[in-house]
Amino acid sequence: MKNRVQLSEKSTQAMESRIPELAVSAVRQAYFRALTTSGKVVEAVNGKLVETSAEGGQREIRELSSAPVPVAAGSKRVRGLHSVCFAFSGNLSN
């Protein structure tokens, strides 16, 4: 059994302050990995859903709603079956 190391408050804060930097790096790596693997990434750009290709081209899929969606605290939002299938099918022609 390993002994647990007690971190000081200063050490904990220093490590926690790096979380945003690490998150940005992880998202960037995932973006480029997706482009490399499938050749396309779907992303939100300036209020539009856009398909970006590995060659740099972009194709607008549709406008995104700017209206906020009210959700009560503690509730769960479940997407319809069509949305889930669309998200995982790779079919972007709809």
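The values are calculated or read from the model by the stated rules, or taken from the named source; none is laboratory data. All of these numbers come straight from a predicted model, not from anything done at the bench. Virtual Cβ from ideal backbone geometry, glycine too; neighbours counted across all protein chains shown.
Conditions (1) hydrophobic (A, V, I, L, M, F, W, C); (2) at pLDDT below 95; (3) part of a loop (DSSP other than H, G, I, E, B), marked per residue:
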position: Tyr31; (1), (2), (3): no, yes, no
position: Leu35; (1), (2), (3): yes, yes, no
position: Glu43; (1), (2), (3): no, yes, no
position: Ser65; (1), (2), (3): no, yes, yes
position: Pro68; (1), (2), (3): no, yes, yes
position: Ser75; (1), (2), (3): no, yes, yes
position: Phe88; (1), (2), (3): yes, yes, no
- Can you pull out the residues in the range 39-57 that are among the polar types (S, T, N, Q) and surrounded by 12 or more Cβ atoms within 10 Å (Cβ to Cβ)? Thr52, Ser53
